[in-house]
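The values are calculated or read from the model by the stated rules, or taken from the named source; none is laboratory data. Predicted model only: the values in this text are computed from it and were never measured. Note: ideal-geometry Cβ built from the backbone for every residue, glycine included; neighbour counts use all protein chains shown. Heads up: the accessible areas ignore ligands, DNA and RNA and are worked out on the full protein's heavy atoms, side chains in. Shrake-Rupley method; radii C 1.70, N 1.55, O 1.52, S 1.80 Å.
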Amino acid sequence: MSELLHIQEPLRLLLSRNNFDVLERRVYWLILKEIKQLQTLRRNEIDLMPGEFPAFKIPIADLQLPNSSAEVNYSTYKRVAQRLTSRQLYLDSPAQHEFTSVVVFPMARYSRGVLTVEVNKHLVPYMIDLSKGYTKLQLQAALSLNSQYAQVLYTRLCKFLDTGIWRVSVTDLKEILEAQQYVRWSNFKQTVLSRSIDEINLKTDIEVFLSERREGRFITTLVFTIKRQSRKGDRAFDAFNDEIELVLSQPAEVLHNKAMEIMLQNYRFTAVQMRRIVSEQHLLDEFVRLDSLIQKGYIDIKTNPTRYIAGILFKKEVAQKPPVK
């Protein structure tokens, strides 16, 4: 596994809830790799049907576990096979009043250094459907992580690599990481966030910086700035990030005026969009950061800049599509 391999995790699955532990998530990622290879081999055919998927054979060496005696390995992987068949994945679509609970792996067998796993046929369509978006992960980096929190955080951060920014509330992040038991911010930051970020920065292809936003005395919002591997150790990018933090720390009136001037000169937002950007702090911060990333060449725009930024700031608000610049 020396070459750099990437897997594509469909957003529907990335955003779902599951009860995987560290080993089980590695099994899941390795199966996504095998599915991608099957699709590549059959790229001229319309679809892979659920019944066509074989049982996936995963060499234990690919799970990157510490070396141990054969006796310990047997008992360890016996437990892994037992747990795999009880793991569930939850697909929740409140807007459509749909909820699906799926047993992910109906069969798992360990024998002589190989873990054989079958995937639930009802889950296969979700695993091969990339039409609603996907997140690209570097497989070796993902497999190197030894913490469940780091694994989940890494996949979410990779989703925002194109923009280099992820803004999330503390409450939502605790839910995503299934770390609601850490009620106090200091405990959550020290035990979950700091350790996960340190592991991600040390072992993976990305580097992460964390900024905190307060409301009164409480930390309520977190802003992650994410670098691609090619930017690790990039002093210019580090200086750029520091510069942006200084800009965002300016008085609100100064930042509002600056943003309005930039929008009038370089973009074609609607009047409603401009009012929202300057009046909603999180939109204002993200606009200033995205504009700076574009001006410095850190983001390669494949469409017009107005549509690109509006698509990030307003996401699914179809009614507020900006005109083409």
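Average projected area of the Cα convex hull of segment 152-289, in nm²?
Result: a mean projected hull area of 9.4 nm².
Using protein chains only and a probe of 1.4 angstrom, how many square angstrom of GLU175 are accessible, to the nearest 10?
The accessible area comes out at roughly 80 Å².
I'd like the carbon and sulfur percentage of the solvent accessible area for segment 145-280, probe radius 1.4 Å, heavy atoms only, ligands and nucleic acids excluded.
Whole-percent figure for carbon plus sulfur exposure: 47.
Using a probe radius of 1.4 Å on heavy atoms only, what accessible surface per residue do you get for segment 108-237? Whole Å² is fine.
That works out to 49 Å² for each residue.
What does the C-alpha gyration tensor say about the overall shape of segment 77-213? Classify as rounded when a/c is under 1.5, otherwise prolate if a/b is larger than b/c, or oblate.
Prolate, because a/c is 1.5 or more and a/b exceeds b/c.
Evaluate the distance, in nm, between pseudo-label points positioned 7 Å from the Cα of ARG109 and of THR76 along their respective Cα→Cβ axes.
2.3 nm
Taking 7 Å along the Cα-to-C-beta vector as the label spot, tell me the SER101-GLN281 distance in nanometres, rounded to one decimal.
Result for the modelled spin labels: 4.0 nm.
With a 10 Å radius around each residue's Cβ, average the other Cβ atoms per peptide and rank 102-109, 91-98, highest first.
With the highest mean Cβ count within 10 Å placed first, the list reads 102-109, 91-98.
Placing +1 on the Cβ of each Lys and Arg and -1 on the Cβ of each Asp and Glu in segment 58-166, which of TYR154, ALA81, TYR126 has its Cα farthest towards the positive end of the resulting dipole?
Checked the options; the winner is ALA81.
Between LYS258 and LEU5, what is the label-to-label distance in nm when each label sits 7 Å out along the Cα-to-Cβ direction?
Using points 7 Å along Cα→Cβ, the separation is 4.6 nm.
Is the C-alpha gyration tensor of segment 251-292 telling us rounded, prolate or oblate? Criteria: a/c under 1.5 is rounded; beyond that, a/b larger than b/c is prolate, otherwise oblate.
Rounded, because the longest to shortest axis ratio a/c is under 1.5.
What is the extension gain from ASP21 to ASN201, computed as 0.36 nm multiplied by their sequence separation minus the C-alpha to C-alpha distance, in nm to one decimal?
Result: 62.7 nm gained on full extension.
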